[in-house]
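Have a look at the structure that comes next, please.
The values are calculated or read from the model by the stated rules, or taken from the named source; none is laboratory data. Model, not experiment: these values are computed from the prediction. Backbone-built Cβ (ideal geometry, glycine too); neighbour counts: all protein chains shown.
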């Protein structure tokens, strides 16, 4: 991992951190759309629409057009779901990283820097739903710098920080479509605790779920 430095966030990193977060989130859009296409409910809706219109229309053009519009609508709903989350994040913790992570007890935000360029981020805070643990958040590595051990180094930084402060474990949440992230966390020793749906109505319809992982630090002693 040559020329890579893990350091605390500075104010001048703000725009790059936001750009990394947005680009990382947008990478999940194609996989999320593929997930929707694989759902039985999607198959049923498309098939029923196509067959019913084929039975009444005088050409195949209308059924094909209707199915195309349904697929476009589904993709737009996914884009809306992601954009809503991105906008909320940019208005909340990513709009005040210093206040949220650096000035709060047992919290921190780090960046990975390569040749003067920020290429990765990670943070941790006391978990909202499990304050006895710290939660790993905002993990992202620029696509051009993946495969160089940066994500692993960021994970270890959070684990060391958590252990130094006497917490027994790190938890995190990632989406079901983030398969590369899942492989990374499992490689780093995280165990899958549970899988649960997002509360949004559309997310429930398409069976879009989050996965909770936990790294028990006591076992590493």
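Applying the selection to the range 26-50, what residues are touching a residue at least 12 places away in the same chain (Cβ under 8 Å), more than 30 Å from residue 143 (Cα to Cα) and surrounded by fewer than 16 Cβ atoms within 10 Å (Cβ to Cβ)?
If the condition is that a residue be touching a residue at least 12 places away in the same chain (Cβ under 8 Å), more than 30 Å from residue 143 (Cα to Cα) and surrounded by fewer than 16 Cβ atoms within 10 Å (Cβ to Cβ), then 41, 45, 49 are the ones that fit.
Moving to a separate point now. What number of residues in the range 101-119 are under 21 Å from residue 131 (Cβ atoms) and more than 19 Å from the chain's Cα centre (by Cα)? Let's see the steps before the verdict.
Step one: list which residues in the range 101-119 are under 21 Å from residue 131 (Cβ atoms), which gives 101-109.
Filter again for more than 19 Å from the chain's Cα centre (by Cα), leaving 102-107.
Count: 6.
Looking at (1) in contact with a strand residue (DSSP E or B) (Cβ under 6 Å, 6 or more places away or on another chain); (2) surrounded by fewer than 17 Cβ atoms within 10 Å (Cβ to Cβ); (3) in a helix (DSSP H, G or I), which one does residue 23 not meet, given that it meets all the others?
(1)
I would also like to ask the following. Which of the helices (runs of 4 or more DSSP H) found entirely inside the range 103-221 contain at least 3 residues meeting this: at pLDDT 95 or above?
Values: elements: 150-164, 179-187, 201-205.
Per the criteria, 150-164, 179-187.
Looking only at the range 1-20, which residues are within 24 Å of residue 179 (Cα to Cα), exposed (fewer than 14 other Cβ atoms within 10 Å of the Cβ) and touching a helix residue (DSSP H, G or I) at 6+ places or on another chain (Cβ under 8 Å)?
Correct list: 1 only.
Please go through the range 115-148 and give me each residue that is over 16 Å from residue 172 (Cβ atoms) and either surrounded by 14 or more Cβ atoms within 10 Å (Cβ to Cβ) or in contact with a helix residue (DSSP H, G or I) (Cβ under 9 Å, 6 or more places away or on another chain) (or both), ordered by number. I'd like the intermediate steps shown before the answer.
Step one: list which residues in the range 115-148 are over 16 Å from residue 172 (Cβ atoms), which gives 115-119, 142-148.
Result: 117, 118, 119, 142, 143, 145, 146, 148.
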